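Asks: Input: one structure, supplied below.
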Amino acid sequence: MRIFSGIRPTGDLHLGNYLGAIKQWIPLQQINECVFCIVDLHAITTPYDPKKLQKNILETTAIYLAAGINPEKSIIFVQSQIKEHAELAWLLETITPMGELKRMTQFKEKSEQHKDYINAGLLNYPVLMAADVLLYKGEAVPVGKDQEQHIELMRSLAKKFNQKFGQTFKEPESLILKEGSKIMSLTDPKKKMSKSDEPKSCIFLFDAPEDITKKIMSATTDSGKDIKYNITKKSGISNLLTIYSLLSGKTTQELEKEFKGKNYGEFKKSLAEVVVNYLEPFRRKQKELASREAYIQEILKKGQDRAQIIAKATMQEVKEKMGLV
Ligand code: AMP
Ligand code: TRP
C-alpha cells in the first residue's frame with residue numbers, strides 16, 4: 001500500500017502529535033511504501049514567523065528521524081519543494097463545494113482562534129491536504145482523530161474526480177489508532193492536547209526533563225485517589241494512564257494493578273520518569289541538529305527527487321483527463 005502523512009512544521013511538536021500520528025508511521029514502513037511530508041504550505045495558513053520557518057522544517061525532520069523514520073525506505077520531503085501540490089490543489093478546488101469547506105471543524109476552530117487571520121488558505125486547507133495524498137495516489141493516511149473529517153472530504157473529492165474525469169484515484173482510508181488518537185490536555189483533560197494552548201498543558205518532544213516532570217506533577221487529576229481508567233468519571237487519570245501505557249508498552253489494566261494502593265503523586269512521579277526517558281533521543285537529536293544540518297538537507301533533497309517523479313506523473317495524467325493538455 002502507499003501511505004501518506006504529514007505534519008505542519010510549527011516548531012513545537014508535542015506528545016499528542018507523536019502518539020496520535022508519528023508513532024504509528026514507524027511500523028507501517030516495514031511492508032508499505034511510505035511518503036512522509038513536512039507540510040509547510042499548511043503551516044502558513046495560521047500566524048507564523050517567516051524567519052523561523054526553515055528552522056522549524058529542520059526540527060520537524062529531526063523529529064521524524066528520531067522517531068525512527070528510515071530515510072532509505074521512506075520518502076521524507078518538504079511540501080513546498082514540489083510545486084504540483086499547489087497545482088493539484090487548485091484543480092481540486094474547482095470540484096470542491098464551498099459549503100463543505102465552511103463546515104469543517106478545524107476551519108471553524110482556527111477562525112475562532114485567529115479572528116484577524118481568516119484567510120482563503122485556511123478555508124482551502126483540506127483541499128491542499130487532499131492534493132497532498134492524491135498526488136501520490138495514497139491509499140491510507142495515518143493521522144490523529146482530529147483529521148478524520150478532512151480525510152472524509154479527501155475521499156469524496158477522489159470519488160467525484162473519478163466520476164467526472166475517469167478512474168484516477170483510490171479513495172484513501174484514514175488510519176486512526178484506537179488508543180492515542182486523541183491525547184488530552186494536561187491542564188484540562190476535556191480538551192485535546194494542543195500547541196495553541198498554555199505551555200503547561202502540553203508536553204513538547206524537546207522539553208527539558210525538569211519541565212516534563214513539573215508539567216506531569218501539576219497535571220489536573222480527578223477527585224478520589226485510585227489509579228483507575230474511567231474516561232467519563234476520571235478523565236485526567238485516564239489520559240495519564242493512556243500516555244503511560246503507550247510509552248511503556250504495558251496495558252492500562254497492568255498499570256492499574258501495579259499502582260493499586262498508591263497515590264496520584266507516586267503514579268505521576270513514575271510517569272514523569274517514563275516520559276523523560278522515552279523522549280531522551282528527541283532531545284539528543286535536537287542537540288545534534290546544529291552539526292548535522294547538511295545531512296538533514298541531503299535527506300530532504302533525496303526525498304524531493306523521489307517525490308518529484310511520482311508527482312509529475314500524476315499531474316500529467318490529471319491534466320490529460322481534465323482536458324488541460
Ligand atoms: P498538527 O500539529 O495539527 O499538524 O498535527 C499533526 C498530527 O498530530 C495530525 O495527525 C493530528 O491528528 C495529530 N494530533 C494533533 N494533536 C493531537 C492530539 N492531542 N492527540 C492525538 N493526535 C494529535
Ligand atoms: N492537516 C494535517 C494536520 O493538521 C497535516 C496534513 C497536511 C496532512 N497534509 C496532510 C496529514 C496529508 C495527512 C496527510 O495535522
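Asks: Only one residue in Ala66, Ala120 is farther than 24 Å from Ile310 by Cα and more than 20 Å from the chain's Cα centre (by Cα). Which one? First the steps, then the outcome.
Replies: Values: Ala66 fails: more than 20 Å from the chain's Cα centre (by Cα).
Result: Ala120 is the single residue among Ala66, Ala120 that is farther than 24 Å from Ile310 by Cα and more than 20 Å from the chain's Cα centre (by Cα).
Asks: I've got another one for you. What are the pairs with Cβ atoms under 7 angstrom where one residue, in region 8-25, is in the same structural domain as Ile76 (by TED's automatic domain parsing) and under 11 Å from Tyr64 (Cβ atoms) and the other, located anywhere, is of a type in the set (D, E, K, R) and within 11 Å of ligand 2 (Cβ to nearest atom)? Sequence gap at least six, or different chains.
Replies: Listed pairs, sorted by first residue: Pro9/Asp40.
Asks: Here are the criteria: (1) more than 19 Å from Leu128 (Cα to Cα); (2) in a helix (DSSP H, G or I); (3) not basic (Lys, Arg). Tell me which single one His42 does not satisfy.
Replies: (1)
Asks: Would you please list the contacts, defined by Cβ atoms under 6 Å and residues six or more apart or on different chains, that run from a residue in region 303-325 that is more than 18 Å from Arg2 (Cβ to Cβ) to a residue that is surrounded by fewer than 14 Cβ atoms within 10 Å (Cβ to Cβ)?
Replies: The qualifying pairs are Lys319/Val325; Lys321/Gly166.
Asks: Let me ask something else. Could you list all residues from region 1-24 that are more than 10 Å from ligand 1 (Cβ to nearest atom) and touching a Gly at 6+ places or on another chain (Cβ under 9 Å)?
Replies: Taking region 1-24 and keeping what is more than 10 Å from ligand 1 (Cβ to nearest atom), we get 1-4, 11.
Residues satisfying the conditions are Met1, Arg2, Ile3, Phe4.
Asks: For region 241-325, please list each of the helices (runs of 4 or more DSSP H) lying entirely inside it that holds at least 2 residues being within 25 Å of the chain's Cα centre (by Cα).
Replies: Values: elements: 252-258, 264-278, 280-289, 293-322.
Where helices (runs of 4 or more DSSP H) fall fully within region 241-325 and carry at least 2 residues being within 25 Å of the chain's Cα centre (by Cα), they are 264-278, 280-289, 293-322.
Asks: Failed condition for Thr10, given (1) surrounded by fewer than 22 Cβ atoms within 10 Å (Cβ to Cβ); (2) out of contact with any Lys or Arg (no Cβ under 7 Å at 6 or more places or on another chain), with all others met?
Replies: It fails just one condition, (2).
Asks: Moving on. State which residue is surrounded by the most Cβ atoms within 10 Å (Cβ to Cβ) when the search covers only region 60-82 and only residues that are under 22 Å from Lys287 (Cα atoms) and within 13 Å of ligand 1 (Cβ to nearest atom). Steps first, answer last, please.
Replies: Within region 60-82, the subset under 22 Å from Lys287 (Cα atoms) is 60-71, 76-78.
Now restrict to residues that are within 13 Å of ligand 1 (Cβ to nearest atom): 60, 63-64, 67.
Numbers: Thr60: 27, Ile63: 22, Tyr64: 25, Ala67: 19.
The selected residue is Thr60.
Asks: Go through region 196-216 and give me each residue that's near ligand 1 (Cβ under 10 Å from one of its atoms) and touching a strand residue (DSSP E or B) at 6+ places or on another chain (Cβ under 6 Å).
Replies: Listed by number, the list holds a single entry, Cys202.
Asks: So, of the residues in region 139-182 that are buried (at least 20 other Cβ atoms within 10 Å of the Cβ) and farther than 24 Å from Val318 by Cβ, which turns out to be farthest from ligand 2 (Cβ to nearest atom)?
Replies: Gly180
Asks: All but one of (1) within 14 Å of ligand 1 (Cβ to nearest atom); (2) more than 30 Å from Thr221 (Cα to Cα) hold for Asp188; state the number of the condition that does not hold.
Replies: Only one criterion is unmet by Asp188, namely (2).
The values are calculated or read from the model by the stated rules, or taken from the named source; none is laboratory data. Since the structure is predicted, the reported quantities are computational estimates derived from the model, not experimental observations. No Cβ is skipped: glycine too gets one built from the backbone with ideal geometry, and neighbour counts run over all protein chains shown.
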